[in-house]
Structure formats: C-alpha cells, structure tokens
Amino acid sequence: MNSRKIILDCDPGHDDAVAIMMAGRHPFIDLLGITVVKGNQTIDKTTKNALHICQYLEILVPVFQGMDRPMVIASPPTEERIHGESGLDGPVFGPLKKEAEELHAVGFLISTLMASKGDVTLVATGPLTNIAMAMRIEPRIIPKIEEIILMGGSYQMGNVTPAAEFNIFADAEAAFVVFESGVKVTMCGLDITRKVLCTTDIVKRMSTHTNPASKLFSDLMSFFIESQKRTFGWEGAPLHDPTTIAYLIDPSVLTLKEAHTDIEIRSEQSYGRTNCDIFHLTNKPFNSNIATDIDVDKFWDIVENCIKMYSDINLNEYTL
C-alpha cells in the first residue's frame with residue numbers, strides 16, 4: 001500500500017497526542033507537517049504540546065502555529081476539565097528544544113496544497129479554523145485536497161452542549177465552510193468515538209511495550225481516564241481523535257454512510273450541531289461520509305501496532 005500524504009491539523013490535547021504518535025511512524029502515512037489551532041487550550045499551549053510530543057517521540061516533521069481564535073465568534077472557553085491547565089496534563093516534559101516554524105499554519109496549508117498534485121489529505125482533530133481560513137484566502141486549494149478526515153460532530157448527542165460536539169462548536173462557521181466546500185469529507189463523530197473507551201485494562205495492555213510511545217500513552221491516558229470519570233462519570237476515556245488515523249491505516253475499521261450534513265450556525269440553542277441527513281430525508285446532494293460504527297477490537301490492534309513502531313527509541317523520562 002502506498003503511503004498517503006497528510007497534514008495533521010490539531011489542538012493537542014490527549015487524544016490529539018495519540019493521533020500524532022500513530023501518524024508519526026506508520027509506513028502507510030507520509031506526515032508532511034503538523035498545523036496547530038486554538039481549541040482544547042490557547043494557541044501557545046497547543047503549539048507547545050505538539051512540539052513536546054514530536055520532540056519526545058523523535059517525530060521529525062515541521063510544526064506550524066495557526067489561528068488563535070475562531071473566524072467569527074468570540075473564543076469559547078478552553079477545556080481544563082478534560083485536558084488540564086496545560087492542555088496535556090499527565091506527562092511532565094523536560095526542556096523544549098524543538099521550535100515551531102516561522103510560517104503561519106494557514107500559509108503552510110496554502111503553499112503545500114498549491115504545490116501538490118492533488119494528493120494531500122487533511123486530517124483535522126481540532127476546530128477547523130486553519131483549514132477554513134486557507135480555503136477563504138486561496139480558493140484554488142480546494143480541488144487540490146484529496147480528502148478531509150475530521151474528528152468532530154455527531155449525528156446524535158453533543159458533548160459541550162446537548163446539540164454540539166466541541167470541535168465544531170468551537171468554530172461552527174469554519175465547519176460550515178469546510179462542509180460546503182465540495183471536498184470529500186469523512187466525519188468521525190462522537191457516535192463512534194464514544195465506543196472506543198480507553199480503560200485501565202487498555203492502558204495495562206499498551207504498557208507491556210517498554211518504549212517511549214508506550215510510556216507517553218500510559219501517562220496521558222491515566223490522567224485522561226480520571227478527568228473523563230470526574231466530568232462524565234465514565235470508567236474509560238473516549239479516544240476520539242485517533243479514529244481518524246486508524247481509518248487512514250485501515251479503512252475497514254469504520255462503517256460509513258453517505259449523507260448531506262448541514263452545520264447549524266444561526267441557532268442560539270443548537271449552534272454547532274452537525275445535522276446529518278442519515279436517512280436521506282431531503283434531496284440535498286451528499287457532501288460527507290459519516291462514520292456510524294467502528295470495529296473496536298481492530299481499532300485497539302491498530303493503536304497497539306503504532307506503539308510498537310517506536311521500539312527502536314530508548315525509553316527515557318521526557319528529557320531529550
């Protein structure tokens with residue numbers, strides 16, 4: 001299988017961190033760069049977190065700092081309840097040496113896509129502000145995007161309001177731009193990400209591999225499990241963002257259904273809702289593939305295989 005060229009747009013975030021780990025070494029993925037957006041935490045913190053992850057795991061890709069606020073609305077609160085004050089509480093990293101690139105993330109998206117042959121996939125695991133801004137500034141990139149695979153939305157219940165999932169709620173206007181762009185969109189929403197709960201048994205399973213990825217996963221998930229239990233009462237933590245990378249590695253892990261998805265940007269109560277016409281009740285053309293189910297066992301096998309790929313790096317205590 002040929003590797004797919006991707007740009008990972010994220011807001012690390014515990015689950016984003018696992019997605020970076022999975023994409024960083026897998027032979028099916030050619031990670032061109034990481035673009036960072038304000039989401040789970042401020043842009044300075046999410047950028048710092050992305051740099052720490054890459055430095056610790058020796059992922060040698062450029063990191064680009066992006067948008068520090070949504071396109072239209074005021075910035076919603078950050079998510080200390082789930083991700084802690086740093087946005088990546090749990091691991092205690094050593095001195096940070098890796099630096100973000102000078103080029104803005106939106107500029108990197110535009111320049112990379114314009115120079116491509118239309119073979120670059122965008123994987124978004126945070127608010128869609130960077131991607132939507134790039135589309136608005138340079139519409140010629142739109143036909144250059146092979147696919148957008150995103151973690152966000154839900155055709156059922158939200159997690160930040162009854163209607164909306166956090167990544168879409170944080171910048172619904174950006175999501176509107178993306179879903180209306182005409183690009184093939186694959187949506188990994190809460191409907192399937194809530195099925196891949198990382199429990200203490202999963203942490204024990206991944207801890208048997210004594211390498212830096214295993215240690216990072218264990219330290220991240222130990223905090224994440226506790227914060228999810230405290231906030232939602234769950235015994236495990238939904239590993240939302242890595243579902244996008246698992247799908248890239250093995251598309252059979254997801255069950256998809258074509259649908260038309262509208263993004264609600266006008267309602268006060270339902271702002272940010274992804275209205276997915278799963279039952280084809282309207283005559284609107286399909287603009288999205290909605291994940292409706294996930295093979296949970298296969299997903300954890302994929303995560304474990306990605307962790308194993310870091311076995312050639314010496315285990316250390318976050319001090320590189």
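What follows draws every value from the coordinates through simple rules; no lab data is involved. The model shown is predicted, which means the values in this text are computed figures rather than measured ones. All Cβ positions, glycine included, derive from the backbone under ideal geometry; neighbour counts span all protein chains shown.
Values as computed for the structure displayed
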| quantity | calculated |
| --- | --- |
| DSSP beta bridge pairing in the chain, given as percent antiparallel to the nearest 5 | 30 percent |
| Check: the chain dipole with +1 on Lys, Arg Cβ and -1 on Asp, Glu Cβ, in debye | 240 debye |
| Environment charge of Gln65, counting only residues whose C-beta is closer than 9 Å and scoring Lys/Arg +1, Asp/Glu -1 | -3 |
| Total charge dipole magnitude, the stretch 146-295, about the Cα centre, Cβ charges on Lys, Arg, Asp, Glu only, Debye to nearest 20 | 420 debye |
| Sequence ranges 189-195, 285-291, ranked by mean other-Cβ count within 10 angstrom, highest first | 189-195, 285-291 |
| Sites Ser267 and Val92 - FRET efficiency at Förster radius 45 Å, r taken between beta-carbons, to 0.05 | 0.60 |
| Cross-link partners of Lys257 among lysines (Cα-Cα below 26 Å; sequence separation of 8 or more within a chain) | Lys5, Lys144, Lys184, Lys195, Lys284, Lys298 |
| All-pairs alpha carbon distance profile, the chain, 20 Å steps from 0, percent | 36, 60, 4 |
| Net +/- balance of residues flanking Leu32 in space, Cβ distance below 15 Å, scoring K and R +1, D and E -1 | -1 |
| Charge tally in the Cβ shell below 14 Å around Phe217, where Lys, Arg are +1 and Asp, Glu are -1, Phe217 excluded | -1 |
| Cα→Cβ-extended label distance, 7 Å offset, between Leu103 and Val61, nm | 1.5 nm |
| Packing rank of 219-230, 257-268, 18-29, where each peptide gets the mean count of other beta carbons within 10 Å, highest leading | 18-29, 219-230, 257-268 |
